[in-house]
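Here is the structure we will look at.
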Amino acid sequence: MKNKLILGTTLLLLVNYFTTPLYCDLQTSMITAPEAPATFDIGKVFASCPIIYSILLLLSSAATGIWIYSLFTLKLSEMMPEEFTALLRRYLAKKEFDEALEYCKSEKNFASSIMVGGLAARNHGTQIVMNVVRSEGRRAGNIVWQRIALLNDIAVIAPMLGLLGTVLGLFFAFYDTSNTTENISSIFDGLGIAIGTTVLGLIVAILSMIYYTSLKYRVVNLLNSIESESLELVSLIEPDHSQNNHTTR
């Protein structure tokens with residue numbers, strides 16, 4: 001009996017001796033086994049809601065195009081060139097108002113469109129000329145503001161389109177009543193993809209607001225500078241009293 005007990009204990013110790021390292025290695029391999037990296041399939045994300053993604057990408061391209069175009073065109077050298085100002089000042093100093101009017105009509109810039117109205121109204125007095133120049137300045141300025149206001153519109157529309165894509169994704173994810181607890185993971189995959197439209201919409205909106213803000217201060221400074229220079233030129237315009245007297249007679 002005693003020998004059997006000793007033999008059984010010995011066998012148990014031997015089994016424990018050989019199996020314990022194997023178990024430890026198995027546990028270690030399970031703990032340290034690298035997990036498969038998560039993959040991000042852009043094609044799958046785009047295919048989930050192609051119309052919304054396409055519209056958002058088009059809005060992003062349009063906003064960037066408007067911003068770049070405005071950076072190159074909204075400059076004082078383009079809107080009121082120094083050569084134009086110098087030559088117009090020379091005409092006004094010599095009281096060659098008809099030549100100055102024709103010169104402004106031949107030039108195609110922001111300031112020339114303002115000065116045309118002022119020179120055309122010079123027979124009505126200095127105050128009327130200033131009012132006309134201010135009115136023409138506001139009219140021409142509205143065209144510039146309407147251009148950059150498109151960026152603000154894009155910033156408003158983009159998040160709503162993104163939210164619409166997410167809501168549609170949620171709708172189609174839960175609409176299929178055949179989904180059970182076994183494929184609940186596919187539902188969450190669909191939800192993750194659906195949220196992508198909102199993310200892209202917010203990115204487009206933030207970029208558009210940055211573009212709009214940078215151009216807004218640029219336009220304000222430009223319009224103030226052009227208005228000051230235009231009013232200074234207007235002070236050189238003298239009314240044609242001879243034509244007024246002829247009209248009165």
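The values are calculated or read from the model by the stated rules, or taken from the named source; none is laboratory data. All values derive from a computational prediction rather than experimental measurement. Please note: Cβ atoms are built from the backbone with ideal geometry, for glycine as well, and neighbour counts cover all protein chains shown.
Brief remarks on what is shown
- Residue match in the range 192-201 (condition: modelled with pLDDT under 85 and either in contact with a strand residue (DSSP E or B) (Cβ under 9 Å, 6 or more places away or on another chain) or among the basic types (Lys, Arg) (or both)): no
- Some residue of the range 146-169 being modelled with pLDDT of 90 or more, under 27 Å from Ala120 (Cα atoms) and within 28 Å of the chain's Cα centre (by Cα): yes
- Residues that are of a type outside the set (Asp, Glu), within 37 Å of the chain's Cα centre (by Cα) and not in a helix (DSSP H, G or I), drawn from the range 65-118: Leu74, Lys75, Met80, Pro81, Lys108, Asn109
- Residue within the range 132-141 that is under 23 Å from the mean Cα position of the chain (by Cα), modelled with pLDDT of 90 or more, surrounded by 15 or more Cβ atoms within 10 Å (Cβ to Cβ) and in a helix (DSSP H, G or I) present: no
- Close pairs from the range 69-84: first more than 12 Å from Ser112 (Cα to Cα), partner among the hydroxyl-bearing types (Ser, Thr, Tyr), Cβ under 9 Å, at least 6 apart: Ser70/Tyr211; Leu71/Ser214; Leu76/Ser225
- All told, Thr213 falls short of being in contact with a Phe, Trp or Tyr (Cβ under 8 Å, 6 or more places away or on another chain), at pLDDT 85 or above and assigned to a helix (DSSP H, G or I).
- Residues of the range 112-131 that are of a type in the set (S, T, N, Q) and at pLDDT below 85: Asn123, Thr126, Gln127.
- Selection count where residues are under 21 Å from Thr85 (Cβ atoms) and part of a helix (DSSP H, G or I), scope the range 119-131: 6
- Here Ser61, Ser70, Ser54, Ser48 are screened, and the one residue that is under 30 Å from Gly196 (Cβ atoms) and out of contact with any helix residue (DSSP H, G or I) (no Cβ under 9 Å at 6 or more places or on another chain) is Ser61.
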